[in-house]
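Single-structure report; data block below.
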Amino acid sequence: MELPFREKGDELLKPGTVTALRERLKQHAQRHDLRSVAAYAFDHRTRMLPFYFVDRRMSPGGVRALGGALHEARFDKTRVVLQTWNRNFKPSRMKLDGQVPDLFMASSMMIHSGRMKEMLRDVCRIDPGKRPLVIAGGPHMYYMPWDAFSADEENPYRPDIAVTGELPVFLEFLDVLLTERATDEPLRGAFLRAKDQGAFDHMPGLVYPIAEEGKVPEALVDTGIQRLLGDLDELPHPIHGYRVMERPSRKQTLGDRPIDKNRIRKYTPISAIEMTYGCKFRCPYCPIPAYNQHKDRRKSPQRIANEMKTLYEEYGIRFFFGSDDNFFNRKPRSIEIIEEIASTTVDGGTRMGKRISWGTEVTVHDTLQMRDHLRRARDGGCKALWLGVEDMTATFIKKGQSVDKTREAFQLIWRNGIHPMPMLMHDDTQPLISFKSPRGLINQLQLLRNANAMSAQVLLLSPAPGTKTNKELYSTGTAYKSVNGRPIEPHMIDGNHLVASKHKRPWSKQLNVLIGYMFFYNPLRLLKALVLPKNRRGHFADAGAQLIGMAGVVQNIWRTPRWLYHLLRGRIERHDEEPVSPIPFRSVDGKPAAHGLPHQTVEADDPGSKRFLVGAP
């Protein structure tokens with residue numbers, strides 16, 4: 001289900017809050033010598049289209065911002081580890097400056113949560129007296145924080161606390177913790193003492209356990225839904241995150257120094273940057289509107305242009321991806337950003353748009369509203385726009401799109417020198433090929449290709465915590481629990497594996513996606529892109545997209561048949577309700593937890609105490 005909303009008027013942090021937090025942390029750094037490691041979990045089994053190639057060449061913005069915030073606050077002994085590059089990394093063997101770190105942070109998306117749990121199990125092998133303070137965070141914790149806490153009596157691993165919000169929640173938590181910490185007191189010891197005294201109960205965005213060492217928690221306490229940062233200019237500059245990134249390695253340990261400055265561009269030539277958050281549409285399969293509390297958030301145009309310019313001049317990074325929910329969501333705001341980027345110069349007066357390239361996500365409806373400004377976006381370096389088409393006929397979902405509007409939007413983008421990148425969803429009712437209508441998957445892929453689509457993304461509907469459809473998928477038995485005896489694992493909930501369907505032949509839907517990719521990416525299209533280009537400017541990019549796509553198709557061909565076999569065998573076991581916390585879950589005052597489900601009821605013996613009764617899920 002969607003996250004609950006905070007009271008109206010209390011959704012956002014007060015302006016200046018995060019700036020003040022950053023300054024206080026700089027003061028703390030003079031008294032506390034912290035060693036910190038932030039690790040991003042990554043499951044290499046997800047390396048398929050449409051994520052193939054980009055997943056290892058664009059460092060995740062969230063964990064990079066985490067390490068960057070610590071570095072900017074002058075906690076110089078900080079390291080950011082990406083399992084995309086360091087797949088053998090083991091927290092139990094990490095040493096920073098010759099010592100076990102004081103703080104270990106594990107961040108994960110849902111599809112990589114299996115790897116995060118492995119890191120949590122491993123770090124808990126460290127003797128409790130020497131163990132760092134362990135924090136779990138990332139998008140997976142926004143919706144399912146209880147999933148990081150083991151309920152297995154034989155292996156009761158867990159973080160000390162889970163952060164269910166963005167960077168400001170962590171900064172406030174660290175500020176309070178360091179204020180409470182005595183000089184030379186172990187950081188984890190200071191946390192356990194402060195937690196028992198209720199020092200963090202007033203801070204929304206945290207989940208912590210009530211438990212004895214080495215035992216399954218008696219309960220989990222949820223401090224509530226985070227307040228969001230409205231002015232993204234208050235975030236630390238992203239350049240700090242690159243200064244503490246771990247070098248790619250096959251070792252289980254950390255290197256003696258971060259990645260060399262002159263090699264950053266080689267390993268992460270694409271930089272994710274935050275520009276805007278929020279979307280006017282209310283798609284039932286998307287958690288974005290509720291997560292943002294129906295608020296629009298942004299960075300100033302000047303800050304965005306400065307980030308691009310600085311990363312280009314410092315590291316030579318030329319490609320940027322805006323992690324927007326819908327960049328064209330608010331037309332005046334988008335125009336301001338485009339104008340600022342287009343007017344920024346680098347290298348002694350050269351227009352920045354000639355040196356860098358950037359892209360982001362938009363919708364068909366909003367693209368048509370921006371028709372008069374697409375050329376200016378291209379002048380500023382915008383080379384690609386990913387459009388959430390989903391279904392051109394609007395049969396599956398309606399977002400103001402239609403076949404004619406989609407074709408018009410794509411042609412507008414192409415004529416202005418930008419590459420359109422469609423994103424489709426293949427649902428149960430969509431045939432592979434249709435006659436006398438454009439409803440079929442292949443029909444739509446061909447229409448998009450004719451409209452100059454450079455790439456294609458085709459995903460299946462999967463359960464997604466935080467969305468309106470999540471409860472329906474589970475309660476109606478659409479979501480699978482296991483197929484042919486194989487349980488559904490987190491990495492399979494990636495849109496590439498069919499894990500939720502009512503179709504009589506579910507294997508056919510899985511096969512359709514593979515056929516769709518092979519139809520769009522193949523040697524014939526590559527040859528045509530080289531021999532008969534649509535124009536001289538774009539044919540090399542088209543051929544490059546085909547090569548990358550074909551390499552990704554090989555990965556899909558390698559991985560998909562294994563799941564197809566299980567789908568063919570049948571024996572599908574289905575869910576009948578949403579997964580809930582196996583550990584009792586409540587709020588600080590003994591009421592139902594904000595991140596729990598409505599039927600996880602709580603009856604407190606004493607709301608002011610740490611003991612309570614919890615109804616069975």
Residue pairs qualifying under the 7 Å Cβ cut-off, at least six apart or on distinct chains, with the first in segment 290-314 being under 21 Å from Y143 (Cβ atoms) and touching a residue at least 24 places away in the same chain (Cβ under 8 Å) and the second being assigned to a helix (DSSP H, G or I) and not aromatic (F, W, Y), are R297/L232
Of the conditions (1) at positive phi; (2) modelled with pLDDT of 95 or more, the single one that G98 does not satisfy is (2)
Note on segment 130-157: residues of a type in the set (F, W, Y) and more than 17 Å from the chain's Cα centre (by Cα) are W146, F149, Y157
Of (1) at pLDDT 95 or above; (2) surrounded by fewer than 17 Cβ atoms within 10 Å (Cβ to Cβ); (3) outside any strand (DSSP E or B), G544 satisfies every one except (1)
The condition of being outside any strand (DSSP E or B), of a type in the set (D, E, K, R) and farther than 22 Å from L374 by Cα holds, among E472, E408, only for E472
Filtering segment 119-141 for residues that are surrounded by 23 or more Cβ atoms within 10 Å (Cβ to Cβ) and either within 15 Å of V169 (Cα to Cα) or of a type in the set (S, T, N, Q) (or both) leaves a count of 5
Scanning segment 327-348 residue by residue, those within 21 Å of the chain's Cα centre (by Cα) and either part of a helix (DSSP H, G or I) or modelled with pLDDT under 95 (or both) turn out to be N329
Review point. Within segment 80-98, can one find any residue that is farther than 17 Å from P186 by Cα, surrounded by fewer than 19 Cβ atoms within 10 Å (Cβ to Cβ), in contact with a His (Cβ under 7 Å, 6 or more places away or on another chain) and of a type outside the set (S, T, Y)?
Key: yes
If we ask which residues in segment 475-493 are without any contact (Cβ under 8 Å) to a residue 12 or more places away in the chain and assigned to a strand (DSSP E or B), their number turns out to be 1
Checked against (1) within 17 Å of L514 (Cβ to Cβ); (2) modelled with pLDDT under 95; (3) polar (S, T, N, Q), Q444 satisfies every condition except (2)
Those residues of segment 458-469 which are assigned to a strand (DSSP E or B) and buried (at least 20 other Cβ atoms within 10 Å of the Cβ) amount to V458, L460
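Filtering segment 10-61 down to residues that are of a type in the set (F, W, Y) and at pLDDT 95 or above, which residue is surrounded by the most Cβ atoms within 10 Å (Cβ to Cβ)? Spell out how you get there, then give the answer.
Residues of segment 10-61 of a type in the set (F, W, Y): 40, 42, 51-53.
Restricting the remaining residues to those that are at pLDDT 95 or above gives 40, 42.
Values: Y40: 28, F42: 24.
If we take residues in segment 10-61 being of a type in the set (F, W, Y) and at pLDDT 95 or above, then Y40 is surrounded by the most Cβ atoms within 10 Å (Cβ to Cβ).
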Of those in segment 185-197 that are without any contact (Cβ under 8 Å) to a residue 40 or more places away in the chain and part of a loop (DSSP other than H, G, I, E, B), the residue surrounded by the most Cβ atoms within 10 Å (Cβ to Cβ) is E185
Is at least one residue of segment 239-249 in contact with a strand residue (DSSP E or B) (Cβ under 6 Å, 6 or more places away or on another chain), crowded, with 18+ Cβ neighbours inside 10 Å, of a type in the set (S, T, Y) and modelled with pLDDT of 95 or more? no
Condition set at pLDDT below 95 and assigned to a strand (DSSP E or B), scope segment 547-592, selection nearest to V499 (Cα to Cα): answer is F585
Checked segment 353-382 for anything closer than 22 Å to Q446 by Cα, in contact with a helix residue (DSSP H, G or I) (Cβ under 8 Å, 6 or more places away or on another chain) and surrounded by fewer than 23 Cβ atoms within 10 Å (Cβ to Cβ); matches are H365, L368
Scanning segment 556-587 for residues that are touching a Gly at 6+ places or on another chain (Cβ under 8 Å) and of a type in the set (A, V, I, L, M, F, W, C), the one farthest from P204 (Cα to Cα) turns out to be V580
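The values are calculated or read from the model by the stated rules, or taken from the named source; none is laboratory data. In this text the structure is predicted, and so the values were computed from the model without any measurement. Don't worry about glycine lacking a Cβ; one is built from the backbone with ideal geometry, like all the others, and counts go over all protein chains shown.
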